[in-house]
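Here is the structure we will look at.
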2 protein chains.
Amino acid sequence: MEKSTDAPDVQEFPSIRCVAVNAHAKETRNSDEAKNGKAMGFVLVHAGAGYHSESKAKEYKHACKRACQKAVEKLKSGALAVDAVTAALIVLEDSTFTNAGTGSNLNLSGDIECDASIMDGKSLHFGAIGALSGIKNPVLVANRLLSEAQKGKLSAGRIPPCFLVGRGAYQWALDHGIPPCSLDKMTTKFSLSAYRRNKRKMELAEKVEMDVIQTKRRRQSSSHENDTGSLDTVGAIVVDNEGNVAAAVSSGGLAMKHPGRVGQAAHYGCGCWAENAGNLNPYSTAVSTSGCGEHLVRTMLARECSIALQSEDAHLALLETMQNKFISSSFLASEECVLGGVIVLRTCRCAVQSEASQNIQALLVEFLWSHTTESMCVGYMSAQDGKAKTHISRLPPGAVAGQSLAIEGGVCRLGTSVN
Amino acid sequence: MEKSTDAPDVQEFPSIRCVAVNAHAKETRNSDEAKNGKAMGFVLVHAGAGYHSESKAKEYKHACKRACQKAVEKLKSGALAVDAVTAALIVLEDSTFTNAGTGSNLNLSGDIECDASIMDGKSLHFGAIGALSGIKNPVLVANRLLSEAQKGKLSAGRIPPCFLVGRGAYQWALDHGIPPCSLDKMTTKFSLSAYRRNKRKMELAEKVEMDVIQTKRRRQSSSHENDTGSLDTVGAIVVDNEGNVAAAVSSGGLAMKHPGRVGQAAHYGCGCWAENAGNLNPYSTAVSTSGCGEHLVRTMLARECSIALQSEDAHLALLETMQNKFISSSFLASEECVLGGVIVLRTCRCAVQSEASQNIQALLVEFLWSHTTESMCVGYMSAQDGKAKTHISRLPPGAVAGQSLAIEGGVCRLGTSVN
């Protein structure tokens with residue numbers, strides 16, 4: 001019988017180069033959970049790639065921290081990755097500082113319409129909702145779609161849906177016992193004042209454009225003008241006790257978006273990706289993205305990252321993907337600024353020898369984040385950690401958002417004795 | 001100045017092996033359009049992968065024929081691929097025999113909700129709508145989203161949407177001059193009677209299941225029971241005079257689907273794909289899919305086909321993709337029957353010598369269709385052809401739908417004299 005005796009060995013590498021993975025297990029702690037083999041698992045969350053002001057840094061970090069803790073609680077109670085990732089997302093959606101769930105950006109009509117999706121690396125099932133109003137935790141609906149689809153066909157052999165939008169998604173949620181939530185409960189003082197400010201600004205911009213500027217010139221307005229709202233979609237990726245991975249993402253979408261607009265958070269392959277190791281893939285991978293939805297959709301960034309992470313060097317693979325398949329993507333050739341960020345992890349099992357000469361089967365978790373936006377707020381925690389680490393990653397001084405990137409990460413080893 | 005002196009050389013290969021491309025141009029016809037260099041281009045359409053009864057074969061073929069003719073008319077008038085493909089789709093949507101636009105399957109509530117998308121291989125822009133009611137030609141809205149996005153940013157630097165759903169999509173369409181269309185005008189006698197029949201069947205199935213069968217057993221009901229409606233999504237792929245490719249797809253979705261359900265026809269990378277040749281891609285490729293939306297989404301079949309088509313042998317590439325990335329996909333491991341079909345084309349330029357020893361720059365178009373459904377109706381035509389060819393491809397006798405496939409195709413050479 002396998003028994004975990006190994007605590008996580010987390011190494012941070014804030015610079016360009018990924019540190020080599022140390023394959024020697026260190027027994028840094030022996031919690032009860034570790035001893036009984038139940039405390040495996042790791043979570044990495046993001047509170048968005050966008051701009052995180054210093055004044056609110058504490059709040060963003062706090063949300064990430066609580067999200068990690070919630071996911072770890074779930075993992076400790078034996079939950080699978082897909083449920084732990086949902087638990088993390090609920091915390092992030094409930095934070096009034098993130099653009100997801102409560103506090104989401106308002107659309108052109110002053111309404112909240114959320115996108116969210118979730119993917120289970122074990123079953124490879126996917127659930128997504130788009131432009132959903134009136135539900136406090138959109139990720140719960142995505143999770144439920146996923147679990148319902150896993151049950152197989154509906155009556156009369158009908159295939160269950162994996163993606164529902166708008167009013168139909170709302171009704172489906174209610175029919176499955178998820179309670180409604182009024183708009184005013186999901187709107188915050190901040191989101192409402194941002195909406196009013198944006199609306200005035202838009203009206204002014206349109207007036208000026210109509211009065212003075214030719215359509216052609218108007219269309220060439222720089223993307224730097226797009227400060228109508230933050231891009232801080234939230235997300236999480238998890239590996240559980242059994243080594244299964246899962247990923248999720250949730251977003252209120254761009255501020256002042258057209259009603260019905262669906263961004264990357266609901267798009268298969270674009271918002272999140274999770275895939276357990278298989279015959280063709282040596283690594284289990286999980287990815288969650290954030291940023292400008294249209295850029296993330298057209299580059300299918302989540303899946304591209306997942307595919308790249310099967311190569312030898314995770315750090316190099318992510319760096320090249322962000323450079324070649326995002327910033328310099330031929331799909332975004334007409335875009336001056338390509339705005340987005342990702343969190344990724346990959347895991348593989350490997351046998352190592354501990355200092356006490358025990359044979360240990362370790363689960364190596366390499367985790368990274370990268371963004372082309374000004375900043376990205378992340379948090380991470382393993383099931384053996386006492387508390388989460390949080391961090392606001394920023395582009396280096398002088399770097400231009402949308403044209404350059406930051407990349408950071410770490411390695412965590414979760415060990416299980418096989419003696 | 002370039003002048004086209006070469007008429008198309010279409011070869012059909014109904015068997016397993018793709019015929020070798022004959023690189024010698026044959027001057028089989030010299031139409032006026034060919035002479036003035038304006039008659040280049042080729043279109044391949046499908047009226048769906050599903051089941052096409054012999055009794056309605058004529059109608060399906062007729063719709064495909066007219067769709068091809070309309071696209072070719074556009075090409076002859078100098079339209080780009082993206083507009084020619086839209087013209088083909090409009091004909092297919094307007095046919096009362098296809099599950100797209102007028103005559104679409106009704107959903108659980110007896111409403112029509114359409115999905116459609118379009119991709120331009122030149123700009124790599126994409127436009128999609130999901131769960132759209134009240135618009136006669138959903139592809140027109142997708143096309144308009146694409147062309148609006150190509151114009152650049154909206155006022156105040158807002159990024160234009162590439163995907164709109166539901167009520168918001170409807171309002172956007174009206175705001176952009178696309179007229180509304182009432183449900184009763186889009187409903188046909190056939191779709192309504194199918195709805196009533198399906199509804200009775202479903203109610204009966206649910207009653208029986210509730211009375212007698214345990215949930216677990218109900219969930220295991222075979223997919224063969226899913227004869228609630230045809231799966232005949234429509235689509236088209238085009239290469240224009242300049243060698244640009246475009247692809248589009250449109251669908252009413254599964255019969256008796258949940259309101260708000262969005263299928264592959266609106267999913268980036270799943271319903272259609274078009275990508276001009278570039279630095280990394282020797283071939284321009286275009287793909288349009290049909291079948292069970294959830295299967296096509298989770299395998300991202302359109303993009304997978306496009307990637308595979310960059311390898312040497314198009315026929316082999318498609319065959320392997322359909323076998324390994326669709327029927328045997330790890331993403332559909334739990335599915336007994338994997339139902340779908342694709343039409344694909346790829347083009348490359350090559351210099352050849354005609355019988356009259358003229359130097360000719362030819363555009364070679366290799367086109368194929370493949371399906372795991374009982375049948376798939378296709379039509380194709382080059383701009384120099386007098387009329388379209390149509391065909392209902394069927395699985396060979398004894399082959400099991402969802403587990404085996406048919407693959408056919410041809411080669412067409414469009415030549416331009418460079419003397």
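The values are calculated or read from the model by the stated rules, or taken from the named source; none is laboratory data. Since this is a predicted model, take the numbers as computed values, not measurements. Note: ideal-geometry Cβ built from the backbone for every residue, glycine included; neighbour counts use all protein chains shown. Heavy atoms of the whole protein, side chains included, go into the accessibility calculation; ligands, DNA and RNA do not. Shrake-Rupley method; radii C 1.70, N 1.55, O 1.52, S 1.80 Å.
One residue stands out in the stretch B:256-287 among those that are open to solvent by 10 Å² or more (accessible area, probe 1.4 Å) and hydrophobic (A, V, I, L, M, F, W, C): the one that is modelled with the lowest pLDDT, namely B:Leu280.
For A:Leu345, the stated conditions do not hold, so it cannot be described as open to solvent by less than 40 Å² (accessible area, probe 1.4 Å), in contact (Cβ under 8 Å) with a residue 24 or more places away in the chain, assigned to a helix (DSSP H, G or I) and among the aliphatic types (A, V, I, L, M). Evaluate the stretch A:130-137: report whether one residue or more is part of a loop (DSSP other than H, G, I, E, B), more than 14 Å from chain B (Cβ to nearest Cβ), in contact (Cβ under 8 Å) with a residue 40 or more places away in the chain and not hydroxyl-bearing (Ser, Thr, Tyr). Within the stretch A:130-137, one or more residues are part of a loop (DSSP other than H, G, I, E, B), more than 14 Å from chain B (Cβ to nearest Cβ), in contact (Cβ under 8 Å) with a residue 40 or more places away in the chain and not hydroxyl-bearing (Ser, Thr, Tyr). Among the residues of the stretch B:317-326, is any under 24 Å from A:Asp175 (Cβ atoms), among the basic types (Lys, Arg) and open to solvent by 10 Å² or more (accessible area, probe 1.4 Å)? Looking for residues that are under 24 Å from A:Asp175 (Cβ atoms), among the basic types (Lys, Arg) and open to solvent by 10 Å² or more (accessible area, probe 1.4 Å), one finds none in the stretch B:317-326, hence no. Picking from residues in the stretch A:40-72 that are basic (Lys, Arg) and at pLDDT 90 or above, the one that is farthest from A:Val239 (Cα to Cα) is A:Lys58. Can you spot a residue in the stretch B:385-398 that is farther than 30 Å from B:Arg66 by Cβ, open to solvent by less than 50 Å² (accessible area, probe 1.4 Å) and in contact (Cβ under 8 Å) with a residue 24 or more places away in the chain? No, the stretch B:385-398 has no match at all. Scan the stretch B:115-128 and tell me whether some residue there is away from every other protein chain (no Cβ under 12 Å), buried (at least 20 other Cβ atoms within 10 Å of the Cβ) and at pLDDT 95 or above. There is at least one residue in the stretch B:115-128 that is away from every other protein chain (no Cβ under 12 Å), buried (at least 20 other Cβ atoms within 10 Å of the Cβ) and at pLDDT 95 or above. Filtered by the rule that a residue be within 7 Å of chain B (Cβ to nearest Cβ), of a type in the set (Gly, Ala, Ser) and either part of a helix (DSSP H, G or I) or within 15 Å of B:Gly291 (Cβ to Cβ) (or both), the stretch A:149-163 gives A:Ser155, A:Ala156, A:Gly157.
Every test in (1) without any contact (Cβ under 8 Å) to a residue 60 or more places away in the chain; (2) within 12 Å of another protein chain (Cβ to nearest Cβ); (3) open to solvent by 10 Å² or more (accessible area, probe 1.4 Å) is passed by B:Leu145 save one, and that test is (3). Residues that are open to solvent by 80 Å² or more (accessible area, probe 1.4 Å) and not hydroxyl-bearing (Ser, Thr, Tyr) within the stretch B:327-341 comprise B:Ala333, B:Glu336, listed in sequence order. Restricting the stretch B:70-93 to residues that are touching a residue at least 40 places away in the same chain (Cβ under 8 Å) and open to solvent by 60 Å² or more (accessible area, probe 1.4 Å), the residue that is farthest from B:Ser251 (Cα to Cα) is B:Lys76. If you check A:Val165 against the conditions, is it open to solvent by 50 Å² or more (accessible area, probe 1.4 Å) and of a type in the set (Val, Ile, Thr)? So A:Val165 does not fit the description; no. Checked against (1) modelled with pLDDT under 90; (2) open to solvent by 30 Å² or more (accessible area, probe 1.4 Å); (3) aliphatic (A, V, I, L, M); (4) under 30 Å from B:Met381 (Cα atoms), B:Ile213 meets all criteria but (4). Looking across the stretch B:295-309, the residues that are within 14 Å of another protein chain (Cβ to nearest Cβ) and open to solvent by 10 Å² or more (accessible area, probe 1.4 Å) come down to B:Arg298, B:Arg303, B:Glu304, B:Ile307. Looking across the stretch A:280-294, the residues that are within 14 Å of chain B (Cβ to nearest Cβ) and within 16 Å of A:Leu254 (Cα to Cα) come down to A:Thr289, A:Gly291, A:Cys292, A:Gly293, A:Glu294. Number of residues in the stretch B:245-279 that are in contact (Cβ under 8 Å) with a residue 60 or more places away in the chain, within 8 Å of chain A (Cβ to nearest Cβ) and more than 25 Å from B:Gly402 (Cα to Cα): the value is 2.
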